[in-house]
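The values are calculated or read from the model by the stated rules, or taken from the named source; none is laboratory data. Keep in mind it's a predicted model, so treat the numbers as computed, not measured. Cβ: placed from backbone, ideal geometry, glycine included. Neighbour counts: every protein chain shown. Ligands, DNA and RNA are excluded from the accessible area calculation, which covers all protein heavy atoms including side chains. Shrake-Rupley method; radii C 1.70, N 1.55, O 1.52, S 1.80 Å.
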Amino acid sequence: MLVPLSRAAVLGLAALVATSGIAAPMAAAAATVTIDVRGPDGRPLADAAVTIETSGHAPIISASMLHGPYVMEQRSIAFQPHVLVVPVGAAVSFPNRDPVRHHVYSFSRAKRFDLKLYGREEQRSVVFDRPGVVALGCNIHDSMSGFIIVSASPYAARTDAAGRATLTDVPPGAARLTIWSTAIARPDNMLAQPIVVAASGTAKTVAIGR
């Protein structure tokens with residue numbers, strides 16, 4: 001015979017569950033979003049920064065994301081990678097792998113810094129604490145250029161050689177997709193559009209017009 005539980009017993013059971021580490025099922029599973037970016041020539045566009053800003057969800061950047069590690073090398077008289085995507089608050093190391101000295105700097109609004117001359121196998125580190133695009137240069141080698149995209153969203157990545165970026169654990173629902181690339185002929189080099197993230201995952205191809 002089943003005996004109904006009193007209100008006090010029900011409340012006590014709920015408290016026991018809450019304190020015992022038994023979690024209630026999540027309301028909605030996180031999704032994987034795959035974005036394929038095509039350049040003005042229709043070919044896959046590498047080194048584009050892809051960001052998803054979710055609607056109704058406060059962005060949470062985990063400690064593991066902040067720790068990276070994030071590295072912008074100086075190698076073969078170039079910044080490698082040419083584009084690096086990092087979350088707000090991340091520290092980026094700038095190791096010099098060249099047999100010559102470099103003087104790395106940026107005058108960008110999101111982050112101004114100046115790393116004085118340093119030699120081979122030396123490195124410096126900079127914390128990027130504001131979102132935005134940070135253009136890099138070298139005071140010794142004018143041909144060197146690179147970019148660090150600092151994102152306030154945890155759902156950001158750089159496209160690979162196939163023009164693809166894969167973002168995981170994205171909450172389903174309405175969101176905003178932003179793509180940054182020097183191939184985008186706009187003053188801010190950005191293209192934004194709405195996107196709906198399905199619980200089963202979403203795949204989308206974005207073509208950059210001329």
Taking the chain as a Gaussian network, Cα atoms linked when under 10 Å apart, which of Gly137, Gly42, Gly146 shows the biggest mean-square fluctuation? Gly42
Along region 176-188, what does the Karplus equation 6.51 cos²θ - 1.76 cosθ + 1.60 (θ = phi - 60°) give for ³J(HN,Hα), rounded to whole Hz, x for Gly and Pro? 10, 9, 10, 10, 10, 6, 5, 7, 7, 7, 9, x, 9
About its Cα centre, how strong a charge dipole does the chain have in debye, to the nearest 20, once Lys and Arg get +1 and Asp and Glu get -1 at the Cβ? 220
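How large a share of the accessible area of the chain, in percent, is made up of carbon and sulfur atoms when the probe is 1.4 Å and the other protein chains stay in place? List each step's numbers first, then the result.
Values: 6730 of 11880 Å².
Using a 1.4 Å probe with all protein chains present, the chain comes out at 57 percent carbon and sulfur.
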Can you give me the Cα centroid spacing of region 71-125 and region 143-210 in angstrom? 23
I'd like to know which of Thr51, Met144, Ala175 lies farthest towards the positive end of the charge dipole of region 41-186, counting +1 on Cβ of Lys and Arg and -1 on Cβ of Asp and Glu. Met144
State, as an integer percentage, the relative contact order of region 33-126 based on alpha-carbon contacts under 8 Å between residues 6 or more apart. 21
Probe 1.4 Å, accessible area per residue of region 127-174, Å²: 44
Using 5 Å bins from zero, what percent of all Cα-Cα pairs in region 88-210 falls into each bin? 2, 9, 16, 19, 17, 15, 11, 6, 4, 2, 0
Within the chain, helix-based [θ] at 222 nm, where runs of 4 or more DSSP H residues each add -39,500 (n - 2.57), nearest 500: -2500 deg cm²/dmol
